[in-house]
Amino acid sequence: MSTTTRHEPAVLVLEDGRTFSGQAYGAVGTTVGEAVFSTGMTGYQETLTDPSYHRQVVVMTAPHIGNTGVNPHDMESRRIWVAGFVVRDPALRPSNWRSQGDLEDALREAGVVGISGVDTRALTRHLRDRGAMRVGVFSGPDAGRPAEELRRTVEEAPPMVGAALAEEVSTPNAYVVSPPEGVTPRWTVAALDLGIKGTTPTLMAARGIRVHVLPATSTWEEVLAVEPDGVFFSNGPGDPATAEHEIELLRRALDAGLPYFGICFGNQLLGRALGLPTYKLAFGHRGINQPVLDRSTGRVEVTAHNHGFAVGWPEGAATDEPVPTPYGPVRCSHVALNDDVVEGLVCEQVPAFSVQYHPEAAAGPHDAEHLFDRFVTMMEEHRAQA
Amino acid sequence: MPRREDIRSVLVIGSGPIVIGQAAEFDYSGTQACRVLREEGVRVVLVNSNPATIMTDPGVADATYVEPITPEIVEAIIAKERPDAVLATLGGQTALNTAIALHEAGVLERYGCPLIGANVEAIQLGEDRQAFKGVVERCGADVARSAICHTMEEAIAAAEELGYPVVVRPSFTMGGLGSGFAHDEDELRMIAGAGLQDSPTTEVLLEESIMGWKEYELEVMRDRADNVVVVCSIENLDPMGVHTGDSITVAPAMTLTDREYQQLRDIGIAVIREVGVDTGGCNIQFAVDPDDGRVIVIEMNPRVSRSSALASKATGYPIAKIAAKMALGYTLDEVPNDITTSGGLRPPEAPRTASGEQRHDADRWYSAAFEPTLDYVVVKVPRFAFEKFPAADPTLTTTMKSVGEAMALGRSFTEALQKALRSVERAGSSFHWREDESPSPEMARALLDQARTPTDGRIVLVQQALRGGCSVEEVHDATGIDPWFLDQIQLINELAAQVHDEARLTGDGRLSPELLRLTKRHGFSDAQLAELTGMTEDVVRGVRHALGVRPVYKTVDTCAGEFEALTPYHYSSYDEETEVAPRERPAVIILGSGPNRIGQGIEFDYSCVHASITLREHGFDTVMVNCNPETVSTDYDTSSRLYFEPLTLEDVLEVVHAERQAGPLAGVVVQLGGQTPLGLAAALKAEGVPVVGTSPEAIHLAEDRAAFGRILAETGLAAPRHGTAYSAQEALAVAHEIGYPVLVRPSYVLGGRGMEIVYDDETLAGYVDRATLAGPDHPVLVDRFLDTAVEIDVDALYDGHGLYVGGIMEHIEEAGIHSGDSACVLPPFTLGRTELEQVREATRLLAEAIGVRGLINVQFALAQDVLYVLEANPRASRTVPFVAKATGVALAQAAARVMMGTTIAELRREGALPAHADGGVMPADAPFSVKEAILPFRRFRTQTGQAVDSILGPEMRSTGEVMGIDASFGAAFAKSQLRAGTSLPTGGTVFVSVANRDKRSMIFPVKRLVDLGFSVMATEGTADVLRRNGIEAQVVRKHSQPEGSSSSGPSVVERITAGEVDMVINTPSGRDARADGYAIRAATTSLDRPIITTVQQLAVAVLGIEAMRGGPLQVASLQEHAASLDLFGRAAAPAVDARG
């Protein structure tokens, strides 16, 4: 195989004009999206198939990508979602006993335009200093278009603030994930798919939960129709400020006193349902090494993150006291050790909690998997009271 | 949790001398720990017998005991210092074993000083293989099927059950000592037999073979709140079967999916919890079946290790430093990540508001409770020393055999691998494309066959086999190396072929800028490109620079760029953006010494670190360049800037260029890191780089035989008669003129490489004829060998006007034993004032004539009252740290200042050197410091499983050294011989067999031993001489004598092996050791009993034994010694006058 001539040229153009050149990787053509970087050293397949990355061009800081190929078990959803993929050194060939295919082939099949050979560290540092921004990747003949034209294409891309994307990634039809053989079904949960990752219902099912995964557009009646013991809102892409329908649905669940657990987008929506603000971080948290302090235990968990938006603690509110909301006081249960971002909420008078990070990991450490047990405990207590 | 208030003083146990399997990494980790403890206001008491370490510098601990690390001595220190706690997890296996012995003897309890870091139960769980198996199973993970055996019969039965091959692992040994693969019962008897002996608990574990599986390692940290982080994952390129210390290793793991990696992480965390490591670091090794992913836990070390040092350097996460903080009770989230934290205190954690900015410069505090993420690849390559032990079996096994390692970072595996291979600095260690044509298919197949057996340099065989057309699959089948790695090597070969073709195509070797850049991105050196294009390295570099193809420098930041790094810890890469910051202070670039090897070890790192420390304090920014991950010099805290780079001319020139762009450059220091940087001096100067201190021309004067001859003539100093030969005939002519015996050696060597003492024509001709030795560029030096001389070593400073004698050392062995292997004593114990004056004057004359500005080391031989100059080296020597500790003067710091232009007189005035005295004339009541070499013979076996011969000679073989210091010479010597598992006996049986020439000198010391109550065994001839002198000796049969001839019963070798002999005195006659002598020494070495191979050693050993019988050895700290020695005259009136 020739390593130097196989690939056509490609160019990456940022909204602020900075340009990086490289070689085409994956599909050839043009793509635009929000440039974000992910610092995980493992788990590129999970990242690519995480619906939260919809409309984002993901820069991998790990220099070698594709080493372990792709396999059907590490898919977090039915397809690759990223809008574009930026790597430094793609693997020449995959090597892993579970591998069933080559990553670049998978990207090509999915039509994902990527670029390789980029100084990804320089690009990452740029995004860190200037914040996430729009980007275009142009490969093959498109790479040769005039620079001004490329820049204009990037500027015409829709920004992430104000984007409502959950419906675009959500399942069109409801489906059920049942507990595996040998595990007694004890609970039913209505899980709203705002971009859910496959591991999430799997981990719930392992705890005896029948998980009804519902489209983002589901109505309250449809939620009630599964006779849920609890309601779950998943992770997902986009600006939480746009998710009016989902927030309304969540308020109905809180009104009904149903136990609620939210992850990522589901945390932001709980915040908004309670009346807390959300905001966009400069460059977000994307990686699998992020320390989060559980303020109730003082313990630190190393966790998987993928969020550009976050819940803002009310200005002037006491930081270690609960703040009042229409649903009673809410506490900030978790904070990010690196930058104090609110990473979790817990309500004191209604059975509801959520985290901004990913206890389902995939990719990432399993330190926070016990949160699914906490959800089960919450449903147990609720059932006992009822 | 805040730190424990009940700990106000801590005893830190170090790791002792550098040995294979336990090297400089423990100086790095121990130094970090001591500094942390002192910052926390804890009084640090340190014990470490290794003088070449930074940690034993008097400034690092409050009380520094350079004393033997044995339970008795450490108990004496505890009794004297009464520490609140003992920290033993930073001193390797030596410290852990000592701590366990102290615990078992009830010492820790008696003095109320518990272990901190890991508790005894955890240490035992981690080290006791049977118990550990239970731990792993309780964590729901798998272990290899195994059986624990205490006798050979049990072992044989167990192996039958498990099926051959089986792995044999002795319990409680370090660096895999004594372990190996047994393919049949014969091999099992050999390996398990030795293993049962090596294990302090007479215990070996037999395991099912998982040879060829993938091997991984995780570095895990835990605090007392049970927070756990994984600092680093490491993947071995060499699959299971090669000790991880001897494997090429890669960080992070390259061929694991997240699912698989998280499985290892989950197991690792479960194990550290189950074992109960309270706080600190530990490493866990895994084997993974490449076919189905079955995971087996191999072992866990509940302490910092070689791997954790590597992981610290690879990630920027200082494991030892943080482990020390956790031992004091801090939790991970209370400790800052130095790389990204700008300072200040941990901010009170408060949830951010929507308008809150993501923190930037103002209050940047990041905690150590996270897992580093890498945006680069790290490759470590081991460095071996088989050339020093020609008889040793070079096959790599589960017993570690490497003596050092080099690490390199790159933005891709290929870049990091090629940089690491050239960092190893051994001829043939890098990939090559020498012949015009690839190896033929037959040759490739032969190479592949060779590569089936893991050896030093297998990676090059693999590269050549691929080049010759073997497929990745074939090579994978033969070696077990993962196809992903092989594919990367294949890529390197493909690029080389492209370069080769393109250079031929253009006719004049030119390359397109694109191809040139691409090859550099994959780690090709200018030298490799020169080879491929037929140009010279200089021309390649010239073209490259003209095209603007230069490396950029990235930063090791623990977080892949997510946060700004404040610590300039750089590595080169052919990428787009450089991160070298501008600076204002003038920079001094210090070139380190590269991977540890025999002859160039930690002693040189010591001098580099000292130079950096002092120059930073005196107005310079110091820039360290080195590639050895074990050392203090490559701690990002040591210098203003650290470049983790190979020490080749190309890599150094690029650093110089980058730093010149960044600000003013005061110069480059090449004289402190040993031969590696010294060898670059002339080329650097030719490139216009300012070399500070002694000039490259002056260095050449000392190294070039003819030039040095002129200097000797000028100064009127004597040298042994000598000549230079370019062929065997010339060598014989020289030898006939000057007379036998002669000492022969290649020019320009360090550590006596290839040096031999020759007694006759035949041996001499054979020596020179060994093809590689002599040639037009590589003459052989032939010196008259002074057999009965006393050897003297001097370390001194010269500034162009004044001389400061750091110390004068007298060797205990006679001339002919390499100075690095010879025990020596300071102050000299048999030299008179006149002789010392002579030595001082000769040193001054040499320093002046050579033009030294900084350190000079001179070796003299005193024979029949004539002082001969053996050699002079205008650079830091191996003995600088020993001299510094023996005299209480920071010699290397003074040297660095002199190199930058400060005079000795100024240093004396400011108190950096004693105002009047120096180390050349020590007060009469000065304590004696004895330096003793530590030899690795026990590590090696011949291909038939025998121990390798342990005779000393002019070629250096020791890996490290210990220092014994005491008011009496005998006690100082006894201490230098005392370490875990071995010491001079105070009674029992000695076996004596000496060469005829030594029979006269042996009588008095042996008589003394008998008076002290020893019984004597001797071979017939020696026994006769002893008997005639009134010494009764039991005659024992030589090994080669048939039973029943003149004596009967077991042979001497059998008696030694049976443990009947407590000390062996055996002086060999000539270089060709007779078979008997070899068998005797081999048996003694195997049992680790003291063996004396020279009569001088015997005489001082008797003094040592007398000292030990005089009552328990006393302990004193270096600080106490320095106060009583008082060279600086701080306590009393002016000391002895000495010229300055």
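We did not get these values from a lab; they are worked out from the coordinates using the rules stated. Just so you know, these numbers come straight off a predicted model, no measurement behind them. Neighbour counts run over all protein chains shown; Cβ positions are idealised from the backbone, glycine included.
Take every DSSP beta bridge whose two residues both sit in the protein assembly as shown, then give the antiparallel share in percent to the nearest 5.
On the way: 153 of 230 bridges.
Looking only at bridges with both residues in the protein assembly as shown, the antiparallel portion is about 65 percent.
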Spin-label pair A:T242/B:R705, simplified geometry with 7 Å Cα→Cβ offset, distance in nm: 8.3
The distance between the Cα centres of the range B:418-480 and the range A:202-224, in whole Å, is 57
Here FRET efficiency (C-beta to C-beta, A:H370 to A:R152, R₀ 41 Å, nearest 0.05) is 0.25
Between B:Y164 and B:V539, with labels modelled 7 Å along Cα→Cβ, what's the label distance in nm to one decimal, could you check? 5.7
Residue by residue through the range B:5-15, the couplings from Karplus 6.51 cos²θ - 1.76 cosθ + 1.60 with θ = phi - 60°, in Hz, x for Gly and Pro, are 8, 7, 10, 10, 9, 10, 8, 9, 9, x, 9
Can you compute the FRET efficiency between B:R510 and B:A718 using 1/(1 + (r/R0)^6), with r the Cβ-Cβ distance and R0 = 56 Å? Round to the nearest 0.05. 0.50
Taking H as built 1.01 Å from N, whose amide H comes closer than 5 Å to the amide H of B:E405, not counting residues under 5 places away? B:R383, B:N596
Here the percent of antiparallel bridges among DSSP beta bridges lying wholly in chain B, to the nearest 5, is 70
Distance from the Cα centre of the range B:536-588 to that of the range B:636-683, in angstrom? 13
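Helix-only estimate, please: 222 nm mean residue ellipticity of chain B, summing -39500 (n - 2.57) across DSSP H runs of length 4 or more and dividing by its residues, to the nearest 500. It would help to have the intermediate numbers written out before the result.
Numbers: 38 runs with 408 residues, N = 1140.
Mean residue ellipticity at 222 nm (helix-derived): -11000 deg cm²/dmol.
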Checked against the positive end of the charge dipole of chain B (+1 on Cβ of Lys and Arg, -1 on Cβ of Asp and Glu, about the Cα centre), the farthest of B:L831, B:I699, B:G410 is B:L831
For a footprinting-style exposure proxy, rank B:R43, B:R705, B:R1130, B:R957 by other Cβ within 10 Å, fewest first. B:R1130, B:R705, B:R43, B:R957
Give the long-range amide H neighbours of A:I65: residues separated by 5 or more places, or on another chain, with amide H under 5 Å away, using H modelled in the peptide plane at 1.01 Å from N. A:D89, A:A91
Rg from C-alpha atoms of the range B:497-608, normalised by the globular rule of thumb 2.2 N^0.38 Å, equals 1.37
Put +1 on the Cβ of each Lys and Arg and -1 on the Cβ of each Asp and Glu in the protein assembly as shown; which of B:A884, B:V168, B:G134 then has its Cα farthest toward the positive end of the dipole? B:A884
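Based only on the alpha carbon positions, what is the Kirkwood hydrodynamic radius of chain B, in angstrom? Don't jump to the answer; show the numbers that get you there.
On the way: mean 1/r = 0.0327 Å⁻¹.
One decimal place: 30.6 Å for the Kirkwood radius.
Taking 23 Å as the cut-off for C-alpha to C-alpha distance, list the pairs among B:K80/B:K885; B:K313/B:K931; B:K520/B:K554; B:K380/B:K401 that go past it. Mind dumping the intermediate values first?
On the way: B:K80/B:K885 21 Å; B:K313/B:K931 31 Å; B:K520/B:K554 15 Å; B:K380/B:K401 15 Å.
Too far apart for the 23 Å limit: B:K313/B:K931.
Hey, what number do you get for chain A at 222 nm if only DSSP H runs of n ≥ 4 count, each worth -39500 (n - 2.57), divided across all residues, to the nearest 500?
Values: 10 runs with 88 residues, N = 386.
The helix-only estimate for chain A comes to -6500 deg cm²/dmol at 222 nm.
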Spelling out what I want: for every residue of the range A:360-367, take phi, set θ = phi - 60°, compute 6.51 cos²θ - 1.76 cosθ + 1.60 (Karplus), and round to whole Hz; glycine and proline get x. 6, 6, 6, 7, x, x, 8, 4
What ³J(HN,Hα) values, in whole Hz, does the Karplus curve 6.51 cos²θ - 1.76 cosθ + 1.60 give for the range B:577-588 when θ = phi - 60°, with x put for Gly and Pro? 10, 9, 10, 6, 8, x, 9, 10, 5, x, 9, 10
Taking every DSSP bridge whose two residues both lie in chain A, the antiparallel percent to the nearest 5 is 60
Net charge within 9 Å of B:T1085 by Cβ-Cβ distance, Lys/Arg positive one each and Asp/Glu negative one each, not counting B:T1085 itself? +1
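When A:E244, B:E274 are ordered from fewest to most other Cβ atoms inside 10 Å of their Cβ, what list results?
A:E244, B:E274
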For the range B:191-321, the dipole about the Cα centre with charges only on Cβ (Lys and Arg +1, Asp and Glu -1), to the nearest 20 debye, works out at 620
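Quick one: if the Förster radius is 56 Å, what FRET efficiency do B:D226 and B:L831 give, using the C-beta to C-beta distance and rounding to 0.05?
Working from the Cβ atoms, E equals 0.40.
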Normalised by the residues of the range B:361-458, what does the relative contact order come to in percent, with Cα pairs under 8 Å and at least six apart? 29
Mean Kyte-Doolittle of at least -1.0 and a Cα length of 30 Å or more along the axis: which whole DSSP H helices of chain B meet both? B:483-506
Provide the gained length on full extension for the span B:Y759 to B:E841, in nm with one decimal, where the gain is 0.36 nm per separating residue minus the Cα-Cα distance. 26.2 nm
Of B:T986, B:S1015, B:N996, whose Cα points farthest to the positive end of the dipole of the range B:979-1019 (charges on the beta-carbon: +1 Lys, Arg; -1 Asp, Glu; origin at the Cα centre)? B:N996
Residue-count net charge about A:V330 - beta-carbon cut-off 15 Å; Lys, Arg +1, Asp, Glu -1: 0
Taking only C-alpha pairs under 8 Å that are 6+ residues apart, what is the relative contact order of chain A in percent? 15
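Determine the gain in length on full extension of the stretch B:T202-B:H183; use 0.36 nm per residue of separation and subtract their C-alpha separation, reporting nm with one decimal. Walk me through the numbers before you get to the answer.
Working: separation 19, 0.36 × 19 = 6.84 nm, distance 2.18 nm.
Separation in residues times 0.36 nm, less the Cα-Cα distance, equals 4.7 nm.
Could you list B:R1109, A:R88, B:R541 in order of exposure, starting from the residue whose Cβ has the fewest other Cβ atoms within 10 Å? Write down the numbers at each step before the final one.
Numbers: B:R1109 14, A:R88 26, B:R541 22.
Least to most surrounded, the residues fall as B:R1109, B:R541, A:R88.
Mind checking the dipole of the protein assembly as shown: about its Cα centre, +1 per Lys or Arg Cβ, -1 per Asp or Glu Cβ, Debye to the nearest 20?
Details: 132 positive and 205 negative charges, 486 e Å.
Once rounded to the nearest 20, the dipole reads 2340 debye.
How high is the relative contact order of chain B? Use alpha-carbon pairs under 8 Å, at least six apart in sequence, and give a whole percent. Mind showing how you got there, number by number?
Working: 2611 pairs, mean separation 109.5, N = 1140.
In percent, rounded to a whole number, it is 10.
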Under the Debye formula (equal points on every Cα, no solvent term), log10 I(q)/I(0) of the range B:260-326 at q = 0.14 Å⁻¹: -0.46
Quickly work out the B:A1058-to-B:N1029 label distance, labels modelled 7 Å from Cα along the C-beta direction, and quote it in nm with one decimal. 2.8
